[in-house]
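The values are calculated or read from the model by the stated rules, or taken from the named source; none is laboratory data. It should be emphasised that the depicted structure is a prediction, and the values quoted were computed from it without experimental measurement. As a convention, Cβ positions derive from the backbone with ideal geometry for all residues, glycine included, and neighbour counts pool all protein chains shown.
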Ligand SMILES: Nc1nc2c(ncn2[C@@H]2O[C@H](COP(=O)(O)OP(=O)(O)OP(=O)(O)O)[C@@H](O)[C@H]2O)c(=O)[nH]1
Ligand SMILES: [Mg+2]
């Protein structure tokens with residue numbers, strides 16, 4: 001248990017209906033008692049009573065009312081942190097919340113560091129590191145799917161899976177140590193049994209890698225660039241997808257000079273969409289810079305929508321852009337303005353540099369082909385459908401790096417199985433167990449822990 005009692009505003013600062021101030025630590029009850037004046041004796045904080053909402057005021061040292069509030073006390077160990085937690089629901093807005101927080105600080109609480117409540121919960125065994133990290137994912141979730149993945153994680157699915165893998169490693173380690181220590185009784189290491197265990201571990205790791213690659217797009221989203229020569233309808237497409245007039249659309253080629261960005265969701269996937277300056281040879285200074293930015297956006301993006309114009313037909317400029325895009329992954333050619341009376345582009349025009357791109361015909365103006373365009377985008381980024389059960393997910397870079405280390409380590413163990421000595425094998429299995437422990441949070445160094453929790457918001 002920690003000596004000091006921490007306090008923070010847990011809701012976002014700004015004008016709002018209510019705000020929440022949270023305290024955790026052994027002095028929470030005493031501080032709340034001193035700061036709180038109940039509406040009636042029935043609303044007083046009673047000894048032993050826990051998890052009950054009480055109505056009253058927060059008062060200053062002279063008994064002056066600072067705000068009308070609802071408070072609750074959650075006695076240790078039945079609380080988020082495992083310590084006694086006091087919560088004050090006050091009115092939102094800067095003045096009321098800071099007045100209530102300051103009163104708690106005045107009475108001896110210390111301002112909490114970012115993530116310190118969750119850190120205490122972790123250190124008191126209320127949740128493991130994968131669950132703590134899932135909480136952060138919930139707060140930062142960019143899509144409904146990202147949120148449901150994180151919520152599943154909160155139930156500890158990854159931890160359970162890691163424990164299963166750890167059991168397999170421990171079984172392997174047991175076999176190696178038994179053959180090392182009691183060669184006369186146990187005999188040589190049963191290589192085929194050891195290999196079976198190793199393969200099972202590999203299968204589990206492969207699955208985790210596959211699922212986490214798939215879910216990455218729901219959490220981090222994808223970047224999509226719309227490119228093409230001037231006047232093909234790039235900004236019109238951006239506006240259509242956003243359902244708002246974000247970018248200026250005119251029939252003057254060279255209207256867009258800068259990269260215009262916004263966010264949308266396509267079938268649950270968060271997409272950063274970028275409209276760009278039309279690509280053409282130009283001596284105009286501003287347009288030149290714009291075209292350079294277009295090239296940068298094209299190389300950064302995960303998906304590239306290449307627009308051509310059925311009204312103008314395929315031109316030399318289109319051919320040059322096609323060459324720039326050649327060999328780049330996920331290029332989708334969209335033949336726009338098919339609503340014009342005499343479209344100049346047919347299937348037979350899409351040869352040469354255009355042949356390698358998946359293509360669609362349509363019209364932004366009349367909305368034709370946009371649904372097919374969205375489905376094609378999703379197919380590009382989501383090679384495999386996530387199964388309902390595939391939810392033991394690696395949620396962040398830290399976990400991903402450790403997962404990679406674990407995969408490399410099990411490969412190393414398999415390679416050593418034939419000719420290395422038993423003690424050498426045992427050392428390698430120990431290393432794998434260490435990485436696994438870091439993944440689940442059991443073997444994390446204090447500074448790593450601090451780093452993880454400092455990424456949280458204050459009050460969480
Ligand atoms: N007929 C027809 N016209 C379209 C369609 N989509 C866009 N346009 C028109 O084409 C012209 C150019 O559209 P923009 O969206 O500004 O084109 P852009 O590619 O962003 O052009 P720059 O910013 O200059 O590179 C405008 O007059 C649009 O109304 C379409 O599907 N059909
Ligand atoms: Mg434009």
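The residue list 232, 186 contains one member that is away from ligand 2 (no atom under 16 Å from the Cβ) and either farther than 30 Å from residue 160 by Cα or touching a residue at least 24 places away in the same chain (Cβ under 8 Å) (or both), which is 186. Hey, does region 216-223 have a residue that's on the phi > 0 side of the Ramachandran plot, touching a helix residue (DSSP H, G or I) at 6+ places or on another chain (Cβ under 9 Å) and either more than 16 Å from ligand 2 (Cβ to nearest atom) or in a helix (DSSP H, G or I) (or both)? For region 216-223, residues on the phi > 0 side of the Ramachandran plot, touching a helix residue (DSSP H, G or I) at 6+ places or on another chain (Cβ under 9 Å) and either more than 16 Å from ligand 2 (Cβ to nearest atom) or in a helix (DSSP H, G or I) (or both): present.
Can you name every residue in region 228-244 that is outside any helix (DSSP H, G or I) and touching a strand residue (DSSP E or B) at 6+ places or on another chain (Cβ under 6 Å)?
228, 232, 233
Do we find a residue being more than 15 Å from ligand 2 (Cβ to nearest atom), more than 18 Å from residue 235 (Cβ to Cβ) and crowded, with 18+ Cβ neighbours inside 10 Å anywhere in region 268-285? Yes, region 268-285 has at least one match.
The number of residues in region 304-346 that are modelled with pLDDT under 95 and closer than 21 Å to residue 374 by Cα comes to 3. Can you find even one residue in region 59-72 that is closer than 27 Å to residue 122 by Cβ, crowded, with 16+ Cβ neighbours inside 10 Å and at pLDDT 95 or above? Yes, because at least one residue in region 59-72 is closer than 27 Å to residue 122 by Cβ, crowded, with 16+ Cβ neighbours inside 10 Å and at pLDDT 95 or above.
Restricting 24, 28 to residues that are surrounded by 15 or more Cβ atoms within 10 Å (Cβ to Cβ), in contact with a helix residue (DSSP H, G or I) (Cβ under 7 Å, 6 or more places away or on another chain), within 21 Å of residue 459 (Cα to Cα) and in the same structural domain as residue 109 (by TED's automatic domain parsing) narrows the list to 24. If you go through region 130-149 and keep only what is buried (at least 23 other Cβ atoms within 10 Å of the Cβ) and either outside any helix (DSSP H, G or I) or out of contact with any helix residue (DSSP H, G or I) (no Cβ under 6 Å at 6 or more places or on another chain) (or both), you end up with just 133.
In this structure, does residue 343 turn out to be part of a loop (DSSP other than H, G, I, E, B) and without any contact (Cβ under 8 Å) to a residue 40 or more places away in the chain? Yes; evaluated as a whole, the condition is true for this residue.
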